[in-house]
Amino acid sequence: MKVLVVGGGGREHALAWKIAQSSMVETVFCTPGNPGVAMLEKGCCVPLTVNDMVGIGDFIAEYAVDLTIVGPEEPLAAGIVDALQAKGRLVFGPSAAAARLEGSKSFAKAFMTRWNIPTAPYAEFDDAEAALAYLRSRGAPIVVKADGLAAGKGVTVARSVEAAEAAIREAMVDRVFGDAGKRVIIEECLEGEEASILAFSDGKTVLPMPGSQDHKPVFDDDQGPNTGGMGAYSPAPVVTPELATEIDERILKPCIAGMAAEGTPYTGVLYAGLMITQDGPKVVEFNVRFGDPETQVVLPRMVSDIVPIFLACCEGSLAGTPVEYLVDPCVTVVMASGGYPKAYEKGKEITGLADAESDPDVMVFHAGTKRDGDRLFTNGGRVLNVTARGATLKETIDRAYVAVRKIHFDGAHYRTDIGRKALVRWSG
Ligand code: AMP
Ligand code: GLY
């Protein structure tokens with residue numbers, strides 16, 4: 001088979017790496033891919049951007065690609081799955097209508113209300129003055145969210161009314177997120193520990209993967225501004241087996257059943273971002289794709305071939321498809337460019353990668369890198385995902401950081417506490 005992965009970050013490198021292990025696959029194309037994908041024996045990067053739907057459609061036809069997996073949310077929200085399916089292509093991911101679960105927070109909140117899926121109480125506004133008046137009546141802490149896609153930057157967890165006011169003005173008046181901020185959601189601030197659950201779905205059946213935990217703030221101890229994610233680990237001990245059952249019954253199954261009942265069946269990976277509160281798990285957000293960097297810690301634990309799972313999702317035969325995982329934990333540490341998540345420079349030379357990867361239980365997924373001859377340079381905010389497997393979480397964390405310390409580029413920074421919360425939970 002020839003498989004195409006749409007995207008070019010650490011998540012797509014991990015997907016291409018896992019797909020390449022399938023004996024069914026001869027080539028994994030990636031649009032646009034990255035130097036990590038290019039180094040895979042079966043990997044082949046194609047210089048097309050993720051939003052070039054026509055170019056991607058033409059490429060699939062010309063190269064007779066058998067199966068396409070879409071990584072990022074933007075092309076999903078724009079309808080790439082509908083467009084490719086209309087041409088008779090096999091593609092893994094939700095339709096544009098189903099992708100509204102991520103593309104519109106207003107849609108997602110109303111949907112959860114309709115189907116009684118636990119989430120924070122909220123109100124939504126198209127008018128800034130009304131939003132400000134509501135905010136003042138509620139006080140802080142409170143959460144302000146731009147309705148549309150804002151590259152992960154549209155959410156403010158405001159500890160003061162002033163911070164919430166500023167977030168409302170930024171979104172609705174200054175329009176820093178463009179039309180995505182025309183409407184805002186104001187919701188109750190939930191307290192607890194976060195966890196991510198990714199689940200396969202064929203539109204009827206939902207099959208959760210093991211839980212993971214992301215680390216969104218840029219600095220240790222969850223300090224500083226939010227990023228796309230500075231590291232992750234799986235499994236997440238906060239998701240006990242009982243809690244996993246509750247999440248399945250109260251969140252995942254009702255979501256898939258609700259989407260089907262509303263005539264927009266959900267196929268692909270459903271990502272539930274959860275807050276584990278004292279009143280049980282509540283949905284902070286739905287995403288309509290694999291998480292980044294959660295994928296980088298979940299897929300290395302998957303023992304089964306992933307390609308039959310993708311096919312089962314596309315064909316509606318997920319029920320009864322066995323999926324096995326290692327019990328061994330996996331940890332990924334994101335190495336970022338100096339300044340990230342604010343302005344940062346690109347083009348810094350990266351050294352030490354081969355040394356870091358000399359440990360067979362270490363994989364370095366590329367997120368923002370660029371090759372020039374034999375040399376590798378930074379080319380994004382999140383540069384590398386240094387990933388390790390091990391027998392225990394402690395050993396795995398140590399292994400990941402040993403590898404991290406072998407890699408160098410100007411301005412590199414990373415959190416030094418990835419996985420610590422889980423260690424505390426397990427030892428306590
Ligand atoms: P989102 O893009 O909706 O996942 O939000 C980004 C981050 O903001 C989440 O990962 C949480 O850390 C935080 N967040 C979002 N909504 C809430 C909420 N209602 N209460 C507390 N934190 C939240
Ligand atoms: N790790 C957060 C996300 O993928 O949205």
Filter the range 187-197 down to residues that are buried (at least 23 other Cβ atoms within 10 Å of the Cβ) and of a type outside the set (Ser, Thr, Tyr) and give me whichever is nearest to ligand 1 (Cβ to nearest atom). 195
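Matching residues to (1) within 16 Å of ligand 1 (Cβ to nearest atom); (2) of a type in the set (Ser, Thr, Tyr); (3) without any contact (Cβ under 8 Å) to a residue 12 or more places away in the chain:
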{"site": "217", "(1), (2), (3)": "yes, no, no"}
{"site": "222", "(1), (2), (3)": "yes, no, yes"}
{"site": "235", "(1), (2), (3)": "no, no, no"}
{"site": "246", "(1), (2), (3)": "no, no, no"}
{"site": "275", "(1), (2), (3)": "yes, no, no"}
{"site": "286", "(1), (2), (3)": "yes, no, no"}
{"site": "289", "(1), (2), (3)": "yes, no, no"}
{"site": "293", "(1), (2), (3)": "yes, no, no"}
{"site": "310", "(1), (2), (3)": "no, no, no"}
What's the total number of residues in the range 275-293 that are within 11 Å of ligand 2 (Cβ to nearest atom), hydrophobic (A, V, I, L, M, F, W, C) and either closer than 16 Å to residue 214 by Cβ or touching a Lys or Arg at 6+ places or on another chain (Cβ under 7 Å) (or both)? 3
Looking only at residues that are within 16 Å of the chain's Cα centre (by Cα) and polar (S, T, N, Q) in the range 225-246, which one is farthest from ligand 2 (Cβ to nearest atom)? 234
Of the numbered conditions (1) crowded, with 21+ Cβ neighbours inside 10 Å; (2) of a type outside the set (A, V, I, L, M); (3) touching a Leu at 6+ places or on another chain (Cβ under 8 Å); (4) not in a helix (DSSP H, G or I), residue 204 fails exactly one; give the number of that condition. (1)
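To keep it simple, each residue is scored yes or no on (1) part of a loop (DSSP other than H, G, I, E, B); (2) in contact with a helix residue (DSSP H, G or I) (Cβ under 8 Å, 6 or more places away or on another chain); (3) in contact (Cβ under 8 Å) with a residue 60 or more places away in the chain.
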residue: 328; (1), (2), (3): yes, yes, yes
residue: 333; (1), (2), (3): no, yes, yes
residue: 339; (1), (2), (3): yes, no, yes
residue: 342; (1), (2), (3): yes, no, yes
residue: 365; (1), (2), (3): no, yes, yes
residue: 387; (1), (2), (3): no, yes, yes
residue: 396; (1), (2), (3): no, no, yes
residue: 422; (1), (2), (3): no, yes, yes
residue: 425; (1), (2), (3): no, no, yes
Of those in the range 341-361 that are under 17 Å from residue 377 (Cα atoms) and of a type in the set (Ser, Thr, Tyr), the residue modelled with the highest pLDDT is 351
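The values are calculated or read from the model by the stated rules, or taken from the named source; none is laboratory data. The shown structure was predicted, so the numbers you read here are calculated from the model rather than taken from an experiment. Note: ideal-geometry Cβ built from the backbone for every residue, glycine included; neighbour counts use all protein chains shown.
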